[in-house]
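Novice: Could you have a look at this structure, given as structure tokens, before my questions?
What follows is calculated from the coordinates using simple rules that are stated; it is not laboratory data. Quick caveat: nothing in here was measured; it's all calculated off a predicted structure. As a convention, Cβ positions derive from the backbone with ideal geometry for all residues, glycine included, and neighbour counts pool all protein chains shown.
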Amino acid sequence: MLTQTDPVSPPPDELERAELVRAQAGDRAAFARLYQRHHRRTYALCFRLLGQASRAEDAVQEVYLRVWQKLPQYRFDARFTTWLHRLTVNLVLNELQKQPWWQKVLPLEGQEEPAAPDPNLEGVDRLLPRLPTRARQVFVLFAIEGYRHEEIARLLGIRAGTSKAQYHRARQLLQEMLS
């Protein structure tokens, strides 16, 4: 049976494209609608990679500042969500690379402890902050975001074998936590 689309409402992809074009032209209201549509997924990705709510919130702000700055360069070659995802992953990983080694290991005074799970999260997401940083990053990128180990290796500046080992370490630790 053929269904006819409503001639007044364009398909969702066309609506998104129209919002993007308006936002690229400087329309703050269009940008705000894009933010409302995508910020939860961006936050989830940042939280999974960083393991701390406050750091994830800061990262989301930085991501959308960067999106506003770089949006005129977006050329519709890929879906906006793909572009946003790559920008988010790159920004978070670049920020992590800039951290002194001791901040990656020891939380700063007054900073929330990464091992404190967020009670609003369920299942594995609740346990992710308790994983060691590198194992968490590899697990999130491989198991949740769908990157291949070779891509993870390039993103994190490690070898593919190290990525695989960290993924298996994360799985083992998660299984132990779930037991």
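Novice: Using the Karplus curve 6.51 cos²θ - 1.76 cosθ + 1.60 with θ = phi - 60°, work out ³J(HN,Hα) for each residue of the stretch 25-38 in order, rounded to whole Hz, and write x for Gly and Pro.
Specialist: Residue by residue, the stretch 25-38 yields 7, x, 6, 5, 5, 5, 5, 4, 5, 4, 4, 4, 6, 10 Hz.
Novice: Where Lys and Arg each count +1 and Asp and Glu each count -1, what net charge lies around residue 29 among other residues with Cβ under 10 Å from its Cβ?
Specialist: +1
Novice: In what sequence, highest mean first, do 163-176, 125-138 appear when ranked by Cβ atoms within 10 angstrom?
Specialist: Highest-to-lowest ranking by the protection proxy: 125-138, 163-176.
Novice: Ranked highest first by average number of other Cβ atoms within 10 Å, how do 31-42, 66-77 line up?
Specialist: Ranking the peptides 31-42, 66-77 by packing returns 31-42, 66-77.
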